[in-house]
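Here the structure comes first, spelled out in structure tokens, and everything after it is commentary.
The values are calculated or read from the model by the stated rules, or taken from the named source; none is laboratory data. All values reported here derive from a predicted model rather than from experimental measurement. Here Cβ is always computed from backbone atoms with ideal geometry, including for glycine, and neighbour counts include all displayed protein chains.
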Amino acid sequence: MSLQVFNTLSNKKEEFVPIDGKNVRMYACGPTVYDSSHLGHARMAIVWDVIQRYLRSVGYNVTFVRNITDVDDKIINRAKELGISPDQLARQYTFEYWRDMYALNVMAPDFEPKATEFIAPMIQFVRELIDAGHAYEANGDVYFDVASFNDYGKLSKQNLEQLQSGAREQVRTQEDLASIKKNPVDFALWKSADEGELGWPSPWGYGRPGWHLECSTMIRTVLGESIDIHGGGEDLVFPHHENEIAQSESLFKKNMAKYWMHNSFVQVSAEKMSKSLGNFKTIKSLLENYSADTLRLLILQTHYRNPIDFTADSLAAAKTAVLRLVRAAALDAELEQNGDVPAKVRDAIAETEKQFSDAMDNDFNTAVAISALFSLGDKVFQTKDASEQKAYAAALVRLAKVLGFTLADTRKKIEPETAKGVMDLVLELRKNARENKDYATSDLIRKELAQLGINVMDAPGGATWEKA
């Protein structure tokens, strides 16, 4: 079975055939760094992480680019609320995003361009659009002339007459914009700004780029005029990706991307998880109580094009399920391979690996692929032969790695809150021993803790402890 991917542009599955042999150029829209990332952002990052991992595992040479939007009206407005500069805010949340991605075992992209690093190329892009008759300047702003691009709406399957303005929040009201735009659906390529606001000089005056412009410019500069895969969340189909297509294809006269792929939302009570609704859990807060593998399983056990209904029960179930895999995978490191593996075991592993690859070749169906991992995990414990257990466990670890699971065995590790509870219990037992005049036990507890690097200090208000 050849690899099939669902193309939003054609609205059907298509055989995956890269433009240039085994070389794959892939771009996914990254975060706008104005706040902490939540589980919805984790889903997008993990989905594209798995896709590029799988493509590499089957022999493709992948160049993966994920951008960071570090100039945007949301960043500027949030910075004003906090009384800091937009640059400082963007740096803070960029570093936080990197920390979250590392904690989730998301591979770093090959390139991660920031919008502020591409101002000059974006200005040049706008110049070329104006020269080609696809954009116009109006009172210091520059707009894309949607009517000049006949294919506008082909990705989102919308009729031009029914569309509203594709621009993000503007400094001016829509009523003001209507007086200077040729068409209500024309979107901003360059937005004027007052001196003192975040901006850059340009041929049209002081201002900053429109949101849609950065991705078209980055793709052109880093990957070329036409790429294999362009991905992102389904909320980006319109207006963001539709506007990217208009900008790039009107200028280059070729498809911006061969395959457009979009992941669905994480939902809470049937509503999209989002900052604006206030129903989100940050990645950092979730990782305080759940492993990266648990969050990854929660996300990948649903096909990327289907919504995830986030509940406490679904998270708890994922935590229990991951533990099953961890127990099985641990035997890969614990057991010695003694003798040859029976042919029946090799055949069973080969069959499971085929089930895994067939699932992934079917539009990256991780939900089915994960069932192959659990099948191997079950086989580990269905045999008493150590060599067979080792073989099944090794196969499990190998396939899990393709999906980005670490299967790290943390069963013996104690979280800080748990450790504090244990120490409180030990000190309470020591207190009881002292009250019962069992000084031998009291002194023994203190001595053993000291050997572990923990000092116990007695005081009138009770004993306290600290690391030596």
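A Cβ distance below 7 Å, combined with a sequence gap of six or more or placement on separate chains, defines the contacts here; from the range 437-460, residues that are among the small types (Gly, Ala, Ser) reach residues that are assigned to a helix (DSSP H, G or I) in the pairs SER442/ARG430; SER442/ALA433; SER442/ARG434. One residue stands out in the range 286-308 among those that are more than 19 Å from ILE414 (Cβ to Cβ) and of a type in the set (Ser, Thr, Tyr): the one that is surrounded by the fewest Cβ atoms within 10 Å (Cβ to Cβ), namely THR302. The set of residues from the range 233-248 being within 18 Å of the chain's Cα centre (by Cα) and of a type in the set (A, V, I, L, M) comprises LEU236, VAL237.
Here's the yes/no breakdown for (1) farther than 30 Å from TRP260 by Cα; (2) among the charged types (D, E, K, R); (3) within 23 Å of the chain's Cα centre (by Cα):
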position: ASP332; (1), (2), (3): yes, yes, no
position: ASP340; (1), (2), (3): yes, yes, no
position: LYS354; (1), (2), (3): no, yes, no
position: ILE370; (1), (2), (3): no, no, yes
position: SER375; (1), (2), (3): yes, no, no
position: GLN382; (1), (2), (3): yes, no, no
position: ASP385; (1), (2), (3): yes, yes, no
position: ALA394; (1), (2), (3): yes, no, no
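Among the residues in the range 403-420, are any in a helix (DSSP H, G or I) and either in contact (Cβ under 8 Å) with a residue 12 or more places away in the chain or farther than 30 Å from ASP293 by Cβ (or both)? For the range 403-420, residues in a helix (DSSP H, G or I) and either in contact (Cβ under 8 Å) with a residue 12 or more places away in the chain or farther than 30 Å from ASP293 by Cβ (or both): absent.
Residues in the range 211-227 that are modelled with pLDDT of 95 or more and either part of a loop (DSSP other than H, G, I, E, B) or not β-branched (Val, Ile, Thr) (or both): HIS212, LEU213, GLU214, CYS215, SER216, MET218, ARG220, LEU223, GLY224, GLU225, SER226. In the set (1) at pLDDT below 95; (2) not in a helix (DSSP H, G or I), GLY40 fails one condition alone, (2).
In the range 266-282, which residues are crowded, with 20+ Cβ neighbours inside 10 Å and either at pLDDT 85 or above or touching a Lys or Arg at 6+ places or on another chain (Cβ under 6 Å) (or both)? Answer for the range 266-282, where residues must be crowded, with 20+ Cβ neighbours inside 10 Å and either at pLDDT 85 or above or touching a Lys or Arg at 6+ places or on another chain (Cβ under 6 Å) (or both): just VAL266. Residues that are modelled with pLDDT of 90 or more and of a type in the set (Asp, Glu) were ranked within the range 364-423; the one that is surrounded by the most Cβ atoms within 10 Å (Cβ to Cβ) is GLU388.
Scanning the range 25-60 for residues that are within 26 Å of ASP72 (Cβ to Cβ), among the charged types (D, E, K, R) and surrounded by fewer than 23 Cβ atoms within 10 Å (Cβ to Cβ) yields a single hit, ASP35. For the range 245-256, the set of residues classified as closer than 13 Å to ILE227 by Cα and of a type in the set (D, E, K, R) consists of GLU249, LYS254, listed by residue number.
Of the conditions (1) of a type outside the set (Gly, Ala, Ser); (2) over 29 Å from LYS254 (Cβ atoms); (3) crowded, with 21+ Cβ neighbours inside 10 Å, ARG78 satisfies every one except a single condition; which number is it? Answer for ARG78: the failing condition is (3).
If you scan the range 131-170, which residues turn out to be surrounded by fewer than 16 Cβ atoms within 10 Å (Cβ to Cβ), at pLDDT below 85 and among the hydrophobic types (A, V, I, L, M, F, W, C)? Across the range 131-170, the qualifying residue is only LEU160. Screening PHE364 against (1) on the phi > 0 side of the Ramachandran plot; (2) not in a loop (DSSP other than H, G, I, E, B) leaves a single unmet condition, (2).
For every residue, the table says whether it meets (1) under 15 Å from PRO31 (Cα atoms); (2) of a type in the set (Gly, Ala, Ser); (3) not in a helix (DSSP H, G or I).
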| residue | (1), (2), (3) |
| --- | --- |
| PHE64 | no, no, yes |
| ALA90 | yes, yes, no |
| THR94 | yes, no, no |
| ALA108 | yes, yes, yes |
| ILE119 | no, no, no |
| PHE125 | no, no, no |
| GLY133 | no, yes, yes |
| GLU137 | no, no, yes |
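Name the single residue, out of those in the range 312-340 being among the β-branched types (Val, Ile, Thr) and either out of contact with any Ser or Thr (no Cβ under 6 Å at 6 or more places or on another chain) or over 19 Å from LEU373 (Cβ atoms) (or both), that is surrounded by the fewest Cβ atoms within 10 Å (Cβ to Cβ). Within the range 312-340, the match that is surrounded by the fewest Cβ atoms within 10 Å (Cβ to Cβ) is THR320. The criterion of being among the polar types (S, T, N, Q), outside the structural domain of ILE308 (by TED's automatic domain parsing) and either outside any helix (DSSP H, G or I) or free of Cβ contacts under 8 Å to residues at least 24 places away in the same chain (or both) holds for ASN255.
Scanning the range 390-439 for residues that are closer than 19 Å to TRP465 by Cα and among the hydrophobic types (A, V, I, L, M, F, W, C) yields ILE414, ALA419, VAL422, MET423, LEU425, VAL426, LEU427, LEU429, ALA433. Test LYS344 against the criterion of being over 26 Å from ARG56 (Cβ atoms) and surrounded by 17 or more Cβ atoms within 10 Å (Cβ to Cβ), and give yes or no. Judged against the criteria, LYS344 is not a match. Within the range 96-106, the set of residues being in a helix (DSSP H, G or I) and either under 14 Å from ILE75 (Cβ atoms) or not charged (D, E, K, R) (or both) comprises GLU96, TYR97, TRP98, MET101, TYR102, ALA103.
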